[in-house]
Every structure is written in structure tokens, then in C-alpha cells.
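Below is one structure; the comments refer to it alone.
The values are calculated or read from the model by the stated rules, or taken from the named source; none is laboratory data. Because the structure is predicted, anything quoted here is derived from the model rather than measured. Note that each Cβ is placed from the backbone with ideal geometry, even for glycine, and that neighbours are counted across all protein chains shown. Ligands, DNA and RNA are excluded from the accessible area calculation, which covers all protein heavy atoms including side chains. Shrake-Rupley method; radii C 1.70, N 1.55, O 1.52, S 1.80 Å.
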Amino acid sequence: NQSLITIDCTTIPESLMESELFGHERGAFTGALVTKRGLFEEGNCGTIFLDEVGEMPLSAQAKLLRVLQEQTIRRVGGTASIHIDVRVLAATNKDLKTLVHKRRFREDLYYRLNGVVITLPPLRERPEDILVLAHHFLNRYRQQFARKVGGMAPETMEVLLRYAWPGNVRELEKAVERAVILGRSHLIMPEDLPPSLLGRDDFKPVADHKRSTLV
């Protein structure tokens, strides 16, 4: 019942990272005309989701580590420590162990975040999810675009199962969205899918869809 604050670590410039995360006091730097609460303070008693945490600058990683250990923040230009109680979730599509070895990610922060790890395999390795997701996106976009699409033809589902999905779930979503917009019948047909899905290079044996994957 508390707030969820999502922080995209790829979109915040390094020079503004500390201010965005932990806030700043009035006059702390040029342009700081008012006191601003940071995202961690806004999310107090809730959840902070650090998306693409592997892209966080090293300077910000050191400050994040201190916050996680001490459960306090200090606004830029401030002297008072502010206690916070947040749950931190972090996601990345990079191999953090490799970044640690390359000294691009702090080892101590890696182990501090490495509490419960959920590894999500690429879509091609969990084919049992393909049709579930495809029908979810179908329902979403036929409502959004007010299209009278009843479902997918069996041969369309076969194409979806055989494709390797190098773009993972985002590629599947856009493929279904396109099919809903361009489809001419009450069923999604193979020709309504992007041409790339109908080629042979990205196909895989259909028998793979019977294998289950634990996520």
C-alpha cells in the first residue's frame, strides 16, 4: 500500500544523480532555488526500483552503498541525516560479475544487492510463456484500438512458437500490436505478423515449446 518509485539509471546524468536520488538543499549549487526531496525520500516506507542498475556511475554507486548500509540519506548541501526505510529492487540486462571484474561496478555494492536473485531467461528459452504473453498483448491492443479480433489462427501461433525472439518480450509485444492494427480478419494470420518472423534464420525446432523453464 506504499509508494513504488522507479528509477531508470540510464536517463539520469551523472552530475545530477546524487541530487535526483537523495535531494538537495536550497543554494546547494547553481540553480538550486528551492529545497528538493530526492527519490529515496519520496519512496520512504515503500519500494525503490533501480532499473538498469549496471549503468549507474561509480560515484553514485558509493553513495548508494552507504545509504543501503546505514539506512540514512543526506541531501546535497545538507548536514542532517534523514532515516529512510525502503525496500530496494534492482534489475539489469548486464552481467554484474563481469562488470565487477572490469572495475565498472563496485564489488561491495554487488554483494549488498545480491540478496534474492531472480534470473529471467530470454524468451526463446521459455517458450511456454510465448502464447500467454501474445494473448495478453492481443487483449490489450484490440481494446486500445477497438479492433474486433477474436484470436490467433493456429498457424500464427505456430510461427510465434518457432521464432527465436532476439528482441525478447518487447519484440513480441510490437509484433502483436502490428498484427492487431493491420489484420484484416477476425483472426490474426501469419501474414499480419512482421516479415522478419516469417524468415528461416530466426526459426527453431517447434519441439522446444514443450520444455518447461523454472523462473
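Backbone geometry of region 4-13 corresponds, through the Karplus equation with coefficients 6.51, -1.76 and 1.60 at θ = phi - 60°, to 3J(HN,Hα) couplings of 10, 10, 9, 10, 8, 5, 8, 9, 9, x Hz, x marking Gly and Pro.
With +1 on each Lys and Arg Cβ and -1 on each Asp and Glu Cβ, and nothing else charged, work out how big the dipole of the chain is about its Cα centre, in Debye to the nearest 20. Could you put the intermediate results ahead of the total?
Working: 30 positive and 28 negative charges, 8 e Å.
About 40 debye.
Whole-Hz Karplus values for region 153-161 come out as 5, x, 5, 5, 5, 5, 4, 4, 6 Hz, taken residue by residue from phi with 6.51 cos²θ - 1.76 cosθ + 1.60 and θ = phi - 60°; glycine and proline positions read x.
Between F105 and V100, the built amide H atoms are under 5 Å apart, and every one of these is 5 or more places off in sequence or on another chain. Here the simple spin-label model places points 7 Å from the Cα toward Cβ, and for R124 and K148 these points are separated by 4.0 nm.
Give, in nm to one decimal, the length gained when the segment between D108 and D85 is fully stretched (0.36 nm per residue of separation minus the Cα-Cα distance). Please list the in-between numbers first.
Working: separation 23, 0.36 × 23 = 8.28 nm, distance 2.05 nm.
Length gained between D108 and D85: 6.2 nm.
For the chain, what ratio Rg/Rh do Cα atoms give with a Kirkwood hydrodynamic radius? That ratio equals 1.10. Looking at region 68-158, the accessible area is 67 square angstrom per residue; that uses a 1.4 Å probe and ignores ligands, DNA and RNA. Projecting the Cα positions of L58, L133, G151 onto the charge dipole of region 23-178 (unit charges on Cβ atoms of Lys, Arg, Asp and Glu, taken about the Cα centre) puts L58 furthest along the positive direction.
How many percent of DSSP beta bridges within region 1-117 run antiparallel, rounded to 5? Can you show the working numbers first?
Working: 4 of 15 bridges.
Counting only bridges with both partners in region 1-117, antiparallel ones make up about 25 percent.
With a 1.4 Å probe and all protein chains left in place, how much of the accessible area of the chain comes from carbon and sulfur atoms, in whole percent? C and S fraction of accessible area: 50 percent. Each residue, H101 and T47, gets one label point 7 Å from its Cα in the Cβ direction; the gap between the two is 3.2 nm.
Per-residue extension of 0.36 nm, minus the Cα-Cα distance of R37 and E158, leaves a gain of 38.4 nm for this segment.
Remark on G151: its backbone amide H falls under 5 Å from those of I188, a criterion applied only to residues 5 or more positions apart or on other chains, H modelled at 1.01 Å from N. Pairwise alpha-carbon distances in region 1-102 exceed 23 Å for 25% of all pairs.
Over region 86-138, the hull volume per residue, using the convex hull of the C-alpha atoms, is 125 Å³. With a cut-off of 19 Å on the backbone N, the residues of region 93-114 near the modelled label site 7 Å out from D8 along Cα-Cβ are 93-94. Stretched out straight at 0.36 nm per residue, the stretch from V117 to R170 would grow longer than its current Cα-Cα span by 16.9 nm.
In the Gaussian network model of the chain, springs joining C-alpha atoms below 10 Å, which of G31, G151, G167 carries the largest mean-square fluctuation? Maximum fluctuation in the GNM of the chain, among the listed residues, is at G31. Derived value for region 101-176: Kirkwood hydrodynamic radius 15.0 Å. Basis is the mean of 1/r over every pair of different alpha-carbon atoms. In this structure, the residue pairs whose Cα-Cα separation is over 30 Å, taken from K63/K94; K36/K97; K36/K102; K63/K174, are K36/K97; K36/K102; K63/K174.
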